[in-house]
Ligand code: GDP
């Protein structure tokens, strides 16, 4: 077949290199792919953000045509170029096969007007961690003020026709970006000035809008891969293949989209795939590809093939693929292979995930689109700064049955925050959503790891706040009888003058400008620890500081024997008390909120009213009216 590319111009027998695109949001990744493809995918997608994985294959002939303006030695030894259309690095982590990168090279896109941003750095780190080769596209050169459009011109040609000012601004921005990369420990240089391609990463100025520099980018990708990766690109008979997506295809049943990075697949081959219920062994019924220069996702008729040589993005139709797990390897049975061994190999990949699951079964439920994205997300959740426990995981769209699992756990454990599902880059079925709503399970969705975590964190924080709110402070007034210990912690003998004294109550002293002296840690009645004391009782109390950062107040210096100690009531503690009204005795209720109920207590009807107002004013840092 033409696009399978047996039509190489050399005898090296190379396969096509695989390239992916990464970079900061809005740097122009989609637009760039779009431009070179000559279609307009971006317009068709929600918010212009690429969320699916697709690929475009550029046969050698097309590449030659696109780069002819460069008049370079464009001798193509590879049969073509396969570009994966990805929304950034989560897809890169999906594109792994048997422990190594599926992509041979990446384009790291940087907006020349904005330079290196946080997601650029994240992408850079990921690429370097994986030892991946890459080229930087300095995109949006047409946005330089006064830029003259030159169509698909090579960048050096395009620069020649620009005014002095444009060229100056260009130089300034490029050197700024070189400096920013330097800070990240990466040496970079404009590709046409780069004489040390081993140590220095090439920058290619491009415009995805008007096309300048695009020929340069394509040529550089091909040249770089065919020069430096001959071994990796040499065609081999061992199949290297990764499942990207599982989808139903009209007329073919459930099919899987795969990237075939090396080897040959044939109709009728026996294949082994990792499945949710164990290894899937099946036979290839149809091998389908989109037509060249189109994206694999574009609907329409597929070409059907007897065999396909790498590198290609293809659909495989076969029985029993419904539960195949995206992001895992596909193995083809060769004459010398042992089926049981292959079955074990495909399932091994899932083991890396089980290590992340909490032994006691506590934690959130995580759903992700592929094995790779699941792993990446689990790694993130495990990191020291985040540290979120995980009780279960799933791959693929979120269904009602997954939510049911989580809600069952909620009933057992009653840890509200763990009745949460973090759905990373997956669809949630309406039935799942409905069930979650009914059962009180929270579903968080995002296709950005960090944002997903932030949503969950905000929820957990609100729960904590909620809990704090529940801390009711009971009104009480104490008179000091004697001191046992003056500081750290303070221990006093007191008499409950009014109200009810409880462990945990914060105390302050109205007569001393409302200074807080701490919280009641313990109450002792005749040497016996008690939880509370009633009006008229005499007990010993231990007071500890509320704020560990602050030095605790000292008896005898900050306050003295004749000062009354009063529980520190705040608007929220009053709310809490109101919530708990049913648990208060009639006397306590009156004391707390006045005989007329909480809202608003008639002035003077409650001895605490004045104190309460005063303490609230104090909390708001308002002036307190003198008695
Ligand atoms: P992505 O988030 O990295 O995929 O960015 P997009 O491809 O969606 O581009 C973000 C915005 O920048 C869109 O409005 C594009 O039209 C615009 N854009 C992308 N590349 C260029 C370019 O080279 N020049 C100009 N002027 N605009 C561009």
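Scoring 422-428, 325-331 by mean Cβ neighbours within 10 Å over their residues and listing the highest first yields 325-331, 422-428. Taking other C-beta atoms within 10 angstrom as a stand-in for reagent exposure, 567, 354 fall in the order 354, 567, fewest first.
A crude spin-label estimate for the pair residue 303 and residue 526, with each label 7 Å from Cα along the Cβ direction, gives 9.7 nm. In plain terms, if you count all Cα to Cα distances in the stretch 152-215 and split them into 10 Å steps from zero, the share in each step is 21, 49, 28, 2 percent.
Given R0 = 22 Å, the distance between the Cβ atoms of residue 333 and residue 231 translates into a calculated FRET efficiency of 0.30.
Just to be sure I understand: of the beta bridges DSSP finds with both ends in the stretch 388-529, what percent are antiparallel, rounded to 5? Rounded to the nearest five, the antiparallel share is 70 percent. Here r is the Cβ-Cβ distance between residue 322 and residue 448 and R0 is 35 Å; the resulting FRET efficiency, rounded to 0.05, is 0.75. By other beta-carbon atoms within 10 Å, ranking 366, 174, 109, 530 with the fewest at the front produces 530, 174, 366, 109. Going 7 Å from the Cα of residue 417 in the Cα-to-Cβ direction, what parts of the stretch 353-381 have a backbone nitrogen less than 12 Å from that spot? What the label zone holds, given the 12 Å backbone N cut-off, is 363-364. Length gained on full extension, residue 340 to residue 193: 47.5 nm, using 0.36 nm per residue less the C-alpha separation. Using a 7 Å offset from the Cα along the Cα-to-Cβ direction at both residue 165 and residue 557, what is the distance between the two label points in nm, to one decimal? Spacing of the two 7 Å Cα→Cβ label points: 6.8 nm.
Between residue 515 and residue 250, the distance separating the two model label sites (each 7 Å from Cα on the Cα→Cβ line) works out to 8.1 nm.
Here residue 486 and residue 407 are evaluated by their C-beta separation; at R0 = 45 Å the FRET efficiency comes out at 0.25.
One-quarter of the Cα convex hull surface for the stretch 294-378, in nm²?
8.7 nm²
Using every pair of separate Cα atoms, the Kirkwood estimate puts the hydrodynamic radius of the stretch 186-267 at 16.3 angstrom. Across q = 0.14, 0.15, 0.20 Å⁻¹, the stretch 215-342 modelled as identical point scatterers on its alpha-carbon atoms has Debye log10 I(q)/I(0) values of -0.64, -0.73, -1.16, in the order of the q list.
Using bins of 5 Å that start at zero, the share of Cα-Cα pairs per bin across the stretch 376-441 amounts to 3, 17, 27, 23, 18, 10, 2, 0, in whole %. Based on the reciprocal of the average 1/r between different C-alpha atoms, the Kirkwood radius for the stretch 130-240 equals 15.3 Å. In 5 Å bins starting at 0, how do the alpha-carbon pair distances of the stretch 314-445 split up by percent? Per 5 Å bin, starting at 0, the Cα pair percentages come out as 2, 10, 18, 19, 18, 13, 9, 6, 3, 1, 0.
No value in this document is a laboratory result; all are computed from the given coordinates. No experiment lies behind these values; they were computed from the predicted model shown. Every residue, glycine as well, gets a Cβ built from its backbone with ideal geometry; the counts of neighbours run over all protein chains shown.
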